[in-house]
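The values are calculated or read from the model by the stated rules, or taken from the named source; none is laboratory data. Computed from a predicted model, the values in this text were never measured in an experiment. Methodologically, a virtual Cβ is constructed for each residue, glycine included, from the backbone with ideal geometry; neighbour enumeration extends over all protein chains shown.
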Amino acid sequence: MSFTSYTPKPLAGRREWTALGVLLLPCLLVSMDVSVLYFAVPFLTAELEPSSVQQLWILDVYGFVLAGLLITMGALGDRIGRRKLLLSGALLFGLASGVAAYAQSAETLIAARALLGVGGATLMPSTLALIRNLFHDAKQRGKAVALWSTAIMGGIAVGPVLSGVLLEHFWWGSVFLINAPVMVLLLVCGPLLLPEYKNPAAGRFDLPGSLLSLLAMLPIVYGIKEIARDGLSALPVIALAAGLLAGAAFVHRQRTARHPMLDLELFRHRGFSGSVLMNLLATFAVVGCAVFFTQYLQTVRGMSPLQAALWNLLPTLAVGGMAPLAAGLGQRMDRAYVIAVGFAVAAGGFVWLSWLEPGSALWYVLVASSVYASGLVMVMSLGNELAIGVAPPERAGSASAVLESGTELGGALGMAILGSIGGAVYHGRMADALPAGLPAGAADAARETLAGAAAVAGELPGRAGRALLAAARTAFTDGLQTAVLCAAGVMACAAVLSLVLLRGLRTTVAEEPGAADATGSAAAAPASSAPEAVS
């Protein structure tokens, strides 16, 4: 057993923790903007009158652009300075929010949402990379990354609630205007509190590599989401194939370029590659099952969208302390065991949900959801901390971008695979439950989705309508049970994988003092970082 020489790092003080608070605000907003628009769709549809295709682009273009540019922006921040990129992104995000809020046409709103995606892609990797520069002590960095992970999860949950509250009192554009004051605060406080850091040995920006990363991520995420929504068809399959080809070309470019934008050596570290995979699997389960949970509350239990969003927030609030707890445990014992326990807890929560029935008590749903969310928060918090800890400081931007890209892919895969599994069970159950003599169009709508079945049931006379709706709710719940059992299986496999890939690792980073000075650009030589076996 060998140990790298290790010098204790200076502890962060009040200034650094205050800076962390500033960094958490854009994290909260960027993750919130993924879901904040859902309740506003009926309102903006009535005013802007978008076509069905335009409506889909209004919802999806933000996530597509965000996913496509993460790796590019992470590499750019390593070269031009992470604080500079963060503040530029904040300015763009604030301006695009104003344009979106007062958009007078669907085309303008789509363009504004795309610009928000560009801004979000600059903010996400920059915030996590700057945490790497602010907190040199591993224990403090673990707590900081845990808070960062909590802010991301909280933003996704708070988005629909805040959207519903604003739409109760203001016009649909108000869901975008909440971004502006936070970005102004970031632009004012950022130069005073955040360190500047860039890699002095990064070399020229790899423009061909940037284009290839965009050509890989965009069609892959697009293809997965379209297959999840509409099933297999020619265009999404072609997009997936094109994205995979571009991905292969991107990897080849990074191997041969003189100044690659992504250091493939990062993936030789078990700590980094294993953490990216663990985060991908955790997000797979979170996003894939969240879709069923929301529909269950609204269509099976008959809640309004705002009621469902408020109840959906409860599990997130209940597990708010799990990320700091996981960080503390990770400092006292092998992280692999804590991550494995997190996956095992999540698997237990999903198994619990597999016994859900249409008439189950609400507490049953909420407690089971809190259990699986608790486990996955532990996994994602420690996965982020470990990946950033083993990455060299000068590569923290690229490492953060890879983590975020894995998260985006995991969410898209979760929606596609678990959504398809649940949908297949629903279709099979409904094939035998449709009443005789139902028109073909109505039968197709009822067989396709629970919402379609509810609409058809409303048009049928009393007993027939109630019978169809009850059958549809039972079929949907059967699909949910199957999907969460599949998620539980994936979580059990992930628990084993985490022990195989991550056991015996710790981060020991040799950093020179001043490598991430709080008042100026980094001037130190590139630091080394390596995971190290411990017995």
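Just a few scattered comments:
- Long-range neighbours under 9 Å by Cβ, at least six apart or interchain, first residue under 14 Å from C486 (Cα atoms) and buried (at least 19 other Cβ atoms within 10 Å of the Cβ) within the stretch 286-302, second among the aromatic types (F, W, Y) and modelled with pLDDT of 80 or more: V286/Y372; C289/F350; C289/Y372; F292/F476
- Every listed requirement among (1) within 21 Å of the chain's Cα centre (by Cα); (2) surrounded by 20 or more Cβ atoms within 10 Å (Cβ to Cβ) is met by P392 save one, (1).
- Test for A201: is it modelled with pLDDT under 85 and within 18 Å of I80 (Cβ to Cβ): yes
- Only a single item in (1) buried (at least 19 other Cβ atoms within 10 Å of the Cβ); (2) farther than 16 Å from I417 by Cα; (3) under 30 Å from the mean Cα position of the chain (by Cα) is not met by A471, and it is number (3).
- For the stretch 55-66, the count of residues that are at pLDDT below 85, assigned by TED's automatic domain parsing to the domain that holds S400 and more than 21 Å from the chain's Cα centre (by Cα) is at least one.
- Test: L162 is part of a helix (DSSP H, G or I), surrounded by 18 or more Cβ atoms within 10 Å (Cβ to Cβ), at pLDDT 85 or above and in the same structural domain as L24 (by TED's automatic domain parsing): no
- Just one of the numbered conditions (1) farther than 23 Å from A488 by Cα; (2) modelled with pLDDT of 80 or more; (3) touching a Leu at 6+ places or on another chain (Cβ under 8 Å) is not true of V276: (1).
- Pairs, first touching a residue at least 40 places away in the same chain (Cβ under 8 Å) in the stretch 415-427, second hydroxyl-bearing (S, T, Y) and in a helix (DSSP H, G or I), C-beta under 8 Å, six or more apart: I421/T482; G422/T482; V425/T482
- The conditions of being in a helix (DSSP H, G or I), farther than 13 Å from L109 by Cβ and at pLDDT 80 or above are met by A19.
- Odd one out for Y102, checked against (1) at pLDDT 85 or above; (2) of a type in the set (F, W, Y); (3) under 29 Å from N279 (Cβ atoms): (3)
- Residues that are over 16 Å from V287 (Cβ atoms), crowded, with 23+ Cβ neighbours inside 10 Å, more than 16 Å from the chain's Cα centre (by Cα) and not hydroxyl-bearing (S, T, Y) within the stretch 395-434 comprise R395, A396, G397, M430, listed in sequence order.
- In the stretch 393-447, the residues that are in contact with an Asp or Glu (Cβ under 6 Å, 6 or more places away or on another chain) and among the β-branched types (V, I, T): V425
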